Ligand code: HEM
């Protein structure tokens, strides 16, 4: 049945070259751990991507129950965690994944740094990587507030106070991201929610696409 559907689509849109380009792409021997065990260091970019996909999928399901206002946020998370079928596991994946993805990204960055893989011609991809790095940290920061418990609110107070203390532009930055004169208030939660689920993921997807296009164009860096 699937063969028939595939042939039907392929006849009309000629999709074979698209997936062949991905599936038949040869990877050099020096990145294959079966040949050189130390090549396992090349897995961290892929693992970062894998967890990022899990974060996006689990996050999409979380938004089906999460209510982004200060009266209902905490209770909506409590309900999701304790009453909703599979709620605990979906929230758990998003919670632990958020830390694990930072660890994997950090190991990937160390690999690229210590192998000098950021050097010509890959400087631009390093810059894209640095932007991705900041976006991932910002995702962690904005997501942390969403459960709206004491830990979330007071941790965010600390970060916003730090932002506020930056000379000259600090107060403007703080007002922009908190949107609320009381440091952490109703507007801060809705703003962090919007940033966490729309602004940052959109930017992240664009940057990851750029990252992968450049890797395919330049190939993986050579053996040491
Ligand atoms: C969501 C985060 C990221 C994902 C999913 C990702 C994914 C990948 C993947 C799959 C590769 C192929 C090689 C490998 O896996 O080691 C790669 C290569 C590369 N990444 Fe990332 N990456 C991320 C973040 C970063 C960061 C934070 C940096 C640096 C600041 C960076 C810089 C690079 C560079 C320069 C290469 C080319 C390395 C080479 O050709 O040897 N990436 N990335």
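A Cβ distance below 9 Å, combined with a sequence gap of six or more or placement on separate chains, defines the contacts here; from segment 60-76, residues that are without any contact (Cβ under 8 Å) to a residue 24 or more places away in the chain reach residues that are exposed (fewer than 12 other Cβ atoms within 10 Å of the Cβ) in the pairs 67/75.
In summary, residue 30 fulfils each of the numbered conditions (1) touching a helix residue (DSSP H, G or I) at 6+ places or on another chain (Cβ under 7 Å); (2) within 30 Å of residue 90 (Cβ to Cβ) with the single exception of condition (2).
Of 203, 186, 209, all but one fail to be within 16 Å of the ligand (Cβ to nearest atom), out of contact with any helix residue (DSSP H, G or I) (no Cβ under 9 Å at 6 or more places or on another chain) and either in contact (Cβ under 8 Å) with a residue 24 or more places away in the chain or closer than 30 Å to residue 119 by Cα (or both); the exception is 209. As a summary of the residue check, residue 103 satisfies the conditions (1) away from the ligand (no atom under 11 Å from the Cβ); (2) surrounded by 19 or more Cβ atoms within 10 Å (Cβ to Cβ); (3) within 25 Å of residue 27 (Cβ to Cβ) except for the one numbered (2).
With the structure loaded, tell me whether residue 21 is at pLDDT below 95 and over 30 Å from residue 146 (Cα atoms) or whether it fails that test.
yes
Taking the criterion of being within 9 Å of the ligand (Cβ to nearest atom) and under 21 Å from the mean Cα position of the chain (by Cα), the residues of segment 106-117 that qualify are 106, 108, 109, 111, 112, 113. Screening the candidates 45, 92 for the property of being within 23 Å of residue 145 (Cβ to Cβ), modelled with pLDDT of 95 or more and not in a loop (DSSP other than H, G, I, E, B) yields one hit, 92.
The values are calculated or read from the model by the stated rules, or taken from the named source; none is laboratory data. A quick note: this is a predicted structure, and the numbers were derived from the prediction, not measured. In this analysis, Cβ positions are derived from the backbone assuming ideal geometry, glycine residues included, and neighbour counts consider all displayed protein chains.
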